[in-house]
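Colleague: First, the structure itself, so that you have it in front of you.
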Amino acid sequence: MKRLVKVLMQNPGAASLALFTREIWANPRAMGAACPSAPALASCMASRVPLDRDGLVVELGGGTGAVTAALLKHGVPPWKLVVIERSPTLVNHLRRRFPQLRVVQGDAAQLAQLLSHDRSRGVGGIVSSLPLRSLPPAVTRAIGHQFETLLDAGGLLVQYTYDLRGTQSGLLPHFRRRSSKIIWSNLPPARVEVFERE
């Protein structure tokens, strides 16, 4: 067992997978993904975030940090990125992995309250790994309301889904879809969608 732990600690990818697996077993409904985001999915999501926009970039559902790392690699400055995660275990993991970032434990349905200290800076974009299509409708509506409240007209929401059909859902009535791309190399394949606040 000690040898296994040592191997996992030397391989961040394996350690993240082990942590993700433990979290999904502990609370499967709270996890939005079947596996951690593949590098191609994380990179695609991060690349949709414009670097010249004012305001914070807020990542929802930081998980083990795949998308967080991709956002930093894309060029989002650490002082501009705020990561929101509900799981206390994953929050501790993210704080250790990214000590330069502000990682907040909380629920996206209370996003405006979680960002109350940062409201003067505004929110330029939201990158979401939340399972909006599988959450209870009341929760999805509450999260959608937070998106509408925090993003001004023209603000971007980057969201992925396992629904590959590309059908426009009624989950985000005040947003229009700007782009959509399937990442076949993710497990399972996922569609990255970019929405603009009207």
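Colleague: In segment 20-62, how many are within 24 Å of ASP118 (Cα to Cα), modelled with pLDDT under 95 and surrounded by 18 or more Cβ atoms within 10 Å (Cβ to Cβ)?
Modeller: Result for segment 20-62: 0.
Colleague: Please work out which one of (1) more than 22 Å from ALA70 (Cβ to Cβ); (2) open to solvent by 20 Å² or more (accessible area, probe 1.4 Å); (3) among the hydrophobic types (A, V, I, L, M, F, W, C) is the condition LEU164 fails and give its number.
Modeller: (1)
Colleague: Just checking, does segment 141-154 include any residue being modelled with pLDDT under 90, open to solvent by 60 Å² or more (accessible area, probe 1.4 Å) and of a type in the set (Lys, Arg)?
Modeller: The answer is no, given that none of the residues of segment 141-154 is modelled with pLDDT under 90, open to solvent by 60 Å² or more (accessible area, probe 1.4 Å) and of a type in the set (Lys, Arg).
Colleague: Among the residues of segment 147-156, what is the count of those that are in a loop (DSSP other than H, G, I, E, B) and either within 15 Å of the chain's Cα centre (by Cα) or within 21 Å of ARG86 (Cβ to Cβ) (or both)?
Modeller: Residues that pass the stated criteria total 1.
Colleague: Let me ask you something else. Spot the failing condition for GLN110; the list is (1) farther than 23 Å from GLU198 by Cβ; (2) buried (at least 19 other Cβ atoms within 10 Å of the Cβ); (3) of a type in the set (S, T, N, Q), and only one is missed.
Modeller: Of everything listed in (1) farther than 23 Å from GLU198 by Cβ; (2) buried (at least 19 other Cβ atoms within 10 Å of the Cβ); (3) of a type in the set (S, T, N, Q), GLN110 misses just condition (2).
The values are calculated or read from the model by the stated rules, or taken from the named source; none is laboratory data. These numbers were taken from a predicted model, which means no experiment stands behind them. Cβ coordinates were reconstructed from backbone atoms using ideal geometry, including for glycine residues, and neighbour counts include every protein chain displayed. Calculation scope for accessible area: heavy atoms of the full protein, side chains included, ligands and nucleic acids excluded. Shrake-Rupley method; radii C 1.70, N 1.55, O 1.52, S 1.80 Å.
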